[in-house]
1. Pick out the one residue from 103, 77 that is open to solvent by 30 Å² or more (accessible area, probe 1.4 Å), among the aromatic types (Phe, Trp, Tyr) and either assigned to a loop (DSSP other than H, G, I, E, B) or at pLDDT below 90 (or both).
2. Six or more apart or on different chains, Cβ atoms under 9 Å: show the pairs whose first residue is in the stretch 15-26 and within 14 Å of residue 136 (Cβ to Cβ) and among the β-branched types (Val, Ile, Thr) and whose second is open to solvent by less than 50 Å² (accessible area, probe 1.4 Å) and part of a helix (DSSP H, G or I).
3. (1) touching a residue at least 60 places away in the same chain (Cβ under 8 Å); (2) part of a loop (DSSP other than H, G, I, E, B); (3) open to solvent by 30 Å² or more (accessible area, probe 1.4 Å): which one isn't true of residue 88, the others all being true?
4. When you go through 72, 54, 43 one by one, which is the residue that is within 23 Å of residue 16 (Cα to Cα) and either part of a helix (DSSP H, G or I) or open to solvent by 60 Å² or more (accessible area, probe 1.4 Å) (or both)?
5. Pick from the stretch 120-146 the residues that are crowded, with 17+ Cβ neighbours inside 10 Å and on the phi > 0 side of the Ramachandran plot: which of them is farthest from the chain's Cα centre (by Cα)?
6. When you look at residue 29, is it open to solvent by 30 Å² or more (accessible area, probe 1.4 Å), of a type in the set (A, V, I, L, M, F, W, C) and either touching a helix residue (DSSP H, G or I) at 6+ places or on another chain (Cβ under 7 Å) or assigned to a loop (DSSP other than H, G, I, E, B) (or both), yes or no?
7. Identify, please: which residue in the stretch 142-159 is small (Gly, Ala, Ser) and touching a Leu at 6+ places or on another chain (Cβ under 8 Å) and is, among those, farthest from residue 180 (Cα to Cα)?
8. Which condition number does residue 149 fail, the rest of (1) aliphatic (A, V, I, L, M); (2) open to solvent by 60 Å² or more (accessible area, probe 1.4 Å); (3) more than 30 Å from residue 51 (Cα to Cα) being met?
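The values are calculated or read from the model by the stated rules, or taken from the named source; none is laboratory data. None of these values were measured; they are calculated from a predicted model. Backbone-built Cβ (ideal geometry, glycine too); neighbour counts: all protein chains shown. Just so you know, the surface numbers come from the protein's heavy atoms only, side chains and all, with ligands and any DNA or RNA stripped out. Shrake-Rupley method; radii C 1.70, N 1.55, O 1.52, S 1.80 Å.
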Amino acid sequence: MAHNCIVVNLDRCTGCYSCEITCKMENDIALGEHWNKMLQRGPFGDYPNMTRYPLPTMCQQCADAPCVHVCPTGASYRDGNNVVLIDREKCIGCKYCMMACPYGVRTYDTSKDKGVIEKCTMCAHLIDKGEKPACVKHCPGQARKFGDLDDPQSDVSKLRAAKKTYKLKDVGNHPGVDYAMDKCAWKGDE
């Protein structure tokens, strides 16, 4: 089984929101809902030596995903590509997974009278065809990399080897998305 991962190079991310927009277009996400969110972190430091950076967030594809554990119907699950997904046919919209997610990246979709939970799928429909997730493919700064962490020649493995990587706050769930950054302004634990 592949250990697919997204690594975001924050030194290259311009905060342009193309990951948000591309995700919404690719997945037909309703107005007001986001599977990818661009947060602005900072400013940090003291004047005149201050810095701020964009922090794109999405499902962290946790190794020990609390959303999967609390789902009473088995609608939240991990597929063969190591991606946490939701089976819309099994989802009853109870929102337990929303409460269990430490990153707040799940949404309740009422736009199409679905009444189900939605989240980043890492574009599983594209991965199945051998393509990259839409947010990776259309990032103008090439800040996002996607690939198999078990393959040392993959883009994600090379980026992790070249830069120091960070994770959003780990509360025992072991988040799977990495953030790479040379300039050490990381404040991902807040």
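1. Values: 77 fails: either assigned to a loop (DSSP other than H, G, I, E, B) or at pLDDT below 90 (or both).
Answer to the check: 103.
2. Pairs that qualify, where the first residue is within 14 Å of residue 136 (Cβ to Cβ) and among the β-branched types (Val, Ile, Thr) and the partner is open to solvent by less than 50 Å² (accessible area, probe 1.4 Å) and part of a helix (DSSP H, G or I), are 22/134; 22/135.
3. (1)
4. Only one candidate passes the filter, namely 43.
5. Only one residue fits best here, namely 123.
6. On the way: open to solvent by 30 Å² or more (accessible area, probe 1.4 Å): no; of a type in the set (A, V, I, L, M, F, W, C): yes; either touching a helix residue (DSSP H, G or I) at 6+ places or on another chain (Cβ under 7 Å) or assigned to a loop (DSSP other than H, G, I, E, B) (or both): yes.
Criteria not met by residue 29.
7. Let us first name the residues in the stretch 142-159 that are small (Gly, Ala, Ser), namely 143, 147, 154, 157.
With the extra rule that they be touching a Leu at 6+ places or on another chain (Cβ under 8 Å), the set shrinks to 143, 157.
Numbers: 143: 9, 157: 11 Å.
Residue satisfying both the conditions and the ranking: 157.
8. So residue 149 meets the others, but not (2).
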